[in-house]
Ligand SMILES: [Zn+2]
Ligand SMILES: [Zn+2]
């Protein structure tokens, strides 16, 4: 079968490998679509080759159910990429993200994947492949998990820092839920896209201090809630300097260390700072419900490629001139 391989230094190739053999508790899935994730780009740009690829957002049909009691050959599934041991305290509570033996699946950019059966989420008939790819992967999943953790409410003033795929997912979901969203990024293409997905305002951080522009919102008090989808020292600084007193900063992006001065940054302004990582299998069903109510997550996909054109797909992703990119297979 075909599988993508990262060669390092911004090169990828399609290689021919054996179809993976499912291990205990796994099934074989024939891939119909996989999505590029921003988290793959460090590996793409870095110097080292990989044994395969870091793809982890994938939908497809069960090709071999391996005796599973409910999954059948042909069942359409979204593969949730982070699994746990199914035995520990956190797994039994349905919070496998905290499992000591947590495992993240990769190599999604291939014709087949072997995947944990209990993380193959059956896709309802009225949900399309494109929709399932967006809500079964982290584009909307991370946004949904973070927004539900933060307890957002319609009418709130929100800012989204960083309009890569996850930031765009936040823009889409938050505006669908009735928050007034300001999108912040450096790339005009992504700001345009954010506005087309529901953002009410845009701030190009290349044109001056984004914190100043954000502080002007909400009658000069600043946003009620800020989603930091970049997580750089710079964006967290912008968030802490612009969120309203008593507001919420939720950190999703992961970009290294940053200094925080509790008195100045948190205590005197009584901020609520939350971290949010990935999303839960259980979140999928909430997103199915929102899709049925009209969320239209498929609008996040701006480009589709075949696996054979992967090099062009990653170069486009590297340029920032795109939303979500999908590899689709007939
Ligand atoms: Zn991802
Ligand atoms: Zn566990």
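The numbers here are math on the coordinates, done by the rules we state, and not lab data. What you see is a predicted model, and the numbers here were worked out from it, not measured in a lab. Because the Cβ atoms are built from the backbone with ideal geometry, glycine has one as well, and the counts that use them run over all protein chains shown.
The percentage of C-alpha pairs in segment 211-330 whose separation is greater than 24 Å is 49%. Quick check: the angle from helix 165-176's long axis to the longest principal axis of the chain, C-alpha only, nearest 10 degrees? Computed tilt is about 70 degrees.
Kirkwood radius and radius of gyration were both taken over the C-alpha atoms of segment 3-99, and their ratio Rg/Rh is 1.02. A Förster radius of 51 Å combined with the Cβ-Cβ distance from residue 209 to residue 11 puts the calculated FRET efficiency at roughly 0.85.
Every helix of 4 or more DSSP H residues in the chain counts as -39500 (n - 2.57), and over all residues that averages to -7500 deg cm²/dmol at 222 nm.
Size descriptors for segment 48-168, from the alpha-carbon set: Rg then Dmax equal 16.2, 50 Å. For segment 282-330, the normalised intensity computed at q = 0.24 Å⁻¹ comes to -0.84 (log10 of I(q)/I(0), Debye sum over alpha carbons, equal scatterers, no solvent).
Sorted ascending by nearby beta carbons within 10 Å, beginning with the fewest, 13, 57, 298 become 13, 298, 57. For segment 147-248, the direction-averaged projected area of the alpha-carbon convex hull comes to 5.6 nm².
How large is the Kirkwood hydrodynamic radius of the chain, counting all unique pairs of alpha carbons, in Å?
Its Kirkwood hydrodynamic radius stands at 20.3 Å.
The packing ranking, built from the mean of other Cβ atoms within 10 Å per residue, places the peptides 107-116, 156-165 in the order 156-165, 107-116, highest first.
Sorted ascending by nearby beta carbons within 10 Å, beginning with the fewest, 144, 89 become 89, 144. The angle separating the long axis of helix 233-242 from the principal Cα axis of greatest extent in the chain is about 50 degrees. In this simple spin-label approximation, residue 263 and residue 95 carry label points 7 Å from Cα along the Cα→Cβ vector, and these lie 3.4 nm apart.
The mean sequence distance of close C-alpha pairs (under 8 Å, at least 6 residues apart), as a share of the length of the chain, puts its relative contact order at 18 percent. Rounded to the nearest 10 degrees, the angle from helix 283-292 to the longest Cα principal axis of the chain is 80 degrees.
Were the residues from residue 43 through residue 70 laid out at 0.36 nm apart, the gain over their Cα-Cα distance would be 6.1 nm.
Does anything in segment 19-57 have its amide N under 16 Å from the 7 Å Cα→Cβ label point of residue 304, and if so which residues? Label zone hits: 31-36.
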